[in-house]
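J.: Sharing a structure here in structure tokens format.
Coordinate-derived values only; no laboratory data. Every value quoted in this text rests on a predicted model; they were computed, and no experiment measured them. Neighbour counts run over all protein chains shown; Cβ positions are idealised from the backbone, glycine included.
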Amino acid sequence: MTGDWLAGGRAELASERILDAVRGLVIDKGAGTVGMAEVAEAAGCSRATLYRYFENRQSLYVAFAGREAGQLIARVWRDHPLDGADRAERLLDGMTATLAAARKTPHLAVWFEPANVGIVARLSDSSAVIDELVAVFVARMRPDLPVAAARRLGRWSVRVMISLLTLPAASEDEERSLLRDFLLPFLLDDGLAVEDVTDAGGR
């Protein structure tokens, strides 16, 4: 079962193979209940091999969340370029499309069910997840920001988006209004310093 893992130059594919196994298990079993032994079996490796790549379930979940969030955001924003006029509306279109895509993706939507709120809160506060989102989203919105400020804005952006996924607005219009009021001013640099995110609930 495990003999092919490190043979023939496959070592660099091991993490992806493990995370693919997590995706399948999350769809079948739900989020937050998948254990390391189950992941090892689904990935076709030993538990010892799994622990070489991920020291515990939290680190495995963080890696999975970071990868899937990064891929979803990159995919959505390829279809929602920000070039041209009405940049604010284009940005709102992209953010609402991101929320819609997360809700329609089975292995992501399950994480935002009420029973998993605590797990999602811990994952969203992970530096690894924030770094991934900063790399593919915040940095392109505000290339002027130093790294520390981009991380603060990334943390705030994640919290706003997750709050809408776990507690959806009554309508898309209301969702756009919330994004316009509480996230757009920071992403578009409309006279607000990123330090103001702290006053709004970031840190």
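J.: Rounded to the nearest 0.05, what FRET efficiency do R103 and A48 have when you use their Cβ-Cβ distance and R0 = 45 Å?
T.: Computed FRET efficiency for R103 and A48 comes out at 0.75.
J.: Quick one: P(r) of the chain from all Cα-Cα pairs, 10 Å bins, percents rounded to integers, in order of increasing distance.
T.: 8, 33, 33, 18, 7, 1
J.: Length gain on complete extension for the stretch Q58 to R78, per 0.36 nm per residue less the alpha carbon to alpha carbon distance?
T.: 4.2 nm
J.: Also, I was wondering about something else. May I ask for the angle, rounded to the nearest 10°, between helix 147-166 and the longest principal axis of the chain, with both axes built from Cα atoms and the value confined to 0 to 90°?
T.: Rounded to the nearest ten degrees, it is 80.
J.: Which GluC sites (Glu not before Pro) from segment 60-150 combine a DSSP loop assignment with at most 14 other Cβ atoms within 10 Å?
T.: none
J.: Specify the angular offset, from 0 to 90 degrees and rounded to the nearest 10, of the alpha carbon long axis of helix 14-29 from the longest principal axis of the alpha carbons in the chain.
T.: In the chain, helix 14-29 runs at an angle near 80 degrees to the longest axis.
J.: Taking 0.36 nm per residue of sequence separation and subtracting the Cα-Cα distance, how much length would be gained by fully extending the chain between V117 and S177, in nm to one decimal?
T.: Gain on stretching V117 to S177: 19.2 nm.
J.: A further question on this structure: Mind telling me which of L145, L123, L179 comes out most flexible in a GNM of the chain, alpha-carbon contacts under 10 Å?
T.: It is L145.
J.: Please list, in order along segment 58-72, the HN-Hα scalar couplings obtained from phi with the Karplus expression 6.51 cos²θ - 1.76 cosθ + 1.60 (θ = phi - 60°), rounded to whole Hz, x for Gly and Pro.
T.: Each residue's phi maps through the Karplus curve to give 4, 5, 5, 5, 4, 5, 5, 4, x, 5, 5, 5, x, 5, 5 Hz.
J.: If you don't mind, there's one more thing I want to ask. Rank A115, A40, A128 by mean-square fluctuation in a GNM of the chain with C-alpha springs under 10 angstrom and give only the top-ranked residue.
T.: Most flexible of the set in this elastic network: A115.
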